[in-house]
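Presented below is the structure to which this report refers.
The values are calculated or read from the model by the stated rules, or taken from the named source; none is laboratory data. This structure is a prediction, so every number in the text was calculated from the model and none was measured. Cβ placement follows ideal geometry from the backbone for every residue including glycine, while neighbour counts extend to all protein chains displayed. Calculation scope for accessible area: heavy atoms of the full protein, side chains included, ligands and nucleic acids excluded. Shrake-Rupley method; radii C 1.70, N 1.55, O 1.52, S 1.80 Å.
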Amino acid sequence: MKEKAYKLLAAQEGVSNSVAKSMIDRGLVYVGNKKVMIARGEIDDKTMFRVTKVEKPNIIFENDDILVVDKPPYVNSDEIERQFKGVQLLHRLDRETSGVLMLVKNEEFRQKAIKEFKKDNVYKEYIAWVEGIMSEPIEVDKPIFTTKKNNRAQSNVSSKGKPARSEFFPDIVSAKKTKVKCIIHHGRTHQIRTHLRYVDHPIIGDEQYGGRRSKRVMLHAYKVRLLGMEFTAPEPKAFVHFE
């Protein structure tokens, strides 16, 4: 007998159908080592699932103006905002991306910070594991055009897009993959993912932009400097010991 994956998962985990669908959509559900990709896909009703648990965000820094957290993967930035009272997102990270996420506590500081973003005065450094061997630093200065369909963003390099510049510095090369330091300017939707695909080094785990399947998208927001402050989110274990 076959049954829809989300219904089987709901029964196994003792959760509602909508929660089970969300778990699959987030990329948390596996059968063996294979990620379950389609919540409505039919699957043998004897199937046992393995569910990755979502970590809680760790507070990196807090004062009267700002709260900075280390966002875990698989969680939307909006969900982090709802977990803390009296804060507002200053920027966003993709659901699959972990690392430094900043939330503000008052409008005066928010406006001051937004001006710094607009002037490109905010230093943003990421770590990524990418496909292929990147032997030399690469700079990509190409505009990015983003479309949204069914609440899902898709970005491409296009002359119709907004200015975007990314710098990539290879760190470790291992078995046809490279650990890369990424420094971005402007900060467009999916900028790093789009620019790395453009130079044929898609991020591992980023299937939307041509990367191979992996337990997670191997992209982490490592360091941010804003208004004289510096915030760092430790490199995840999955990045340090990635083979």
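Write down the accessible area per residue of segment 1-147 in Å², having rolled a 1.4 Å probe over the full set of protein chains.
Values: 8140 Å² over 147 residues.
Using a 1.4 Å probe on heavy atoms only, each residue of segment 1-147 averages 55 Å².
What pairs in Lys46/Lys148; Lys115/Lys237; Lys4/Lys162; Lys71/Lys149; Lys4/Lys181; Lys46/Lys71 have C-alpha atoms more than 31 Å from each other? Let's see the in-between values first.
Numbers: Lys46/Lys148 37 Å; Lys115/Lys237 34 Å; Lys4/Lys162 41 Å; Lys71/Lys149 25 Å; Lys4/Lys181 41 Å; Lys46/Lys71 35 Å.
Flagged as over cut-off: Lys46/Lys148; Lys115/Lys237; Lys4/Lys162; Lys4/Lys181; Lys46/Lys71.
From a point 7 Å beyond the Cα of Glu79 in the direction of its Cβ, which residues of segment 217-243 have a backbone N at a distance under 15 Å?
So the set is 217.
When all protein chains stay in place, what accessible area (Å², nearest 10, 1.4 Å probe) is found for Ser18?
Here the residue's solvent-accessible area equals roughly 80 Å².
Can you work out the Karplus-derived ³J(HN,Hα) for every residue in segment 6-22? Use 6.51 cos²θ - 1.76 cosθ + 1.60 with θ = phi - 60°, whole Hz, and x for glycine or proline.
Going residue by residue, I get 5, 6, 5, 5, 4, 5, 5, 8, x, 10, 6, 4, 5, 5, 4, 4, 4 Hz, with x marking Gly and Pro.
Can you give me the % of accessible surface on segment 1-120 that is carbon or sulfur? Probe 1.4 Å, all protein chains present, nothing else counted.
Numbers: 3270 of 6880 Å².
Answer for segment 1-120: carbon and sulfur cover 48 percent of the accessible area.
Let me cross-check Leu8: its accessible surface, 1.4 Å probe, with only protein heavy atoms counted, in Å² to the nearest 10?
30 Å²
Of the listed values [x] 59, 45, 37; [y] 65, 38, 30; [z] 46, 42, 34, grab the one calculated as Cα extents along the principal axes in Å from the structure here.
[x]
Tell me the mean residue ellipticity at 222 nm calculated for the chain from its helices only (DSSP H runs of n ≥ 4, each -39500 (n - 2.57), averaged over every residue, nearest 500).
Details: 6 runs with 49 residues, N = 243.
The helix-only estimate for the chain comes to -5500 deg cm²/dmol at 222 nm.
Ordered by residue, what ³J(HN,Hα) values in Hz, to whole numbers, does segment 62-72 give under the Karplus form 6.51 cos²θ - 1.76 cosθ + 1.60, where θ = phi - 60° and Gly and Pro are x?
Values per residue, Gly and Pro as x: 8, 9, 6, 9, 9, 10, 10, 10, 8, 6, x Hz.
Just to make sure I understand: if all protein chains stay in place, what is the order of Tyr222, Tyr126, Tyr30 by accessible area at 1.4 Å, largest first?
Numbers: Tyr222 60, Tyr126 30, Tyr30 5 Å².
Ranking Tyr222, Tyr126, Tyr30 by accessible area, largest first, yields Tyr222, Tyr126, Tyr30.
Once you keep just the Cα pairs under 8 angstrom separated by 6 or more residues, what percentage relative contact order results for segment 28-93?
Numbers: 59 pairs, mean separation 14.6, N = 66.
Across segment 28-93, relative contact order equals 22 percent.
Return the long-range amide H neighbours of Leu219 (sequence gap of 5 or more, or a different chain), with a cut-off of under 5 Å between placed amide H atoms.
Residues meeting the amide H criterion: Ser98.
Considering only protein heavy atoms, with the full assembly of protein chains and a 1.4 angstrom probe, order Arg193, Arg95 by accessible area, largest first. Before the final figure, lay out each step's value.
Working: Arg193 10, Arg95 70 Å².
The most accessible residue leads, giving Arg95, Arg193.
Mind ranking Val31, Val173, Val100, Val51 by accessible surface for me, highest first, 1.4 Å probe?
Details: Val31 55, Val173 80, Val100 0, Val51 30 Å².
Reading off the accessible areas and sorting them downward yields Val173, Val31, Val51, Val100.
Could you give P(r) for segment 77-141, binned at 5 Å from zero, as whole percent values over all Cα-Cα pairs?
For segment 77-141, the binned pair fractions read 3, 13, 19, 19, 19, 11, 8, 6, 3, 0 percent.
Quick one: Debye curve from the C-alpha atoms of segment 107-168, no solvent, what's log10 I(q)/I(0) at q = 0.23 Å⁻¹?
Results for segment 107-168 at q = 0.23 Å⁻¹ read -1.13.
Would you please give the residues with an amide H less than 5 Å from that of Lys177, counting only those at least 5 places away or on a separate chain, with H modeled from the backbone geometry?
Placed amide hydrogens put Gly132 under 5 Å from Lys177.
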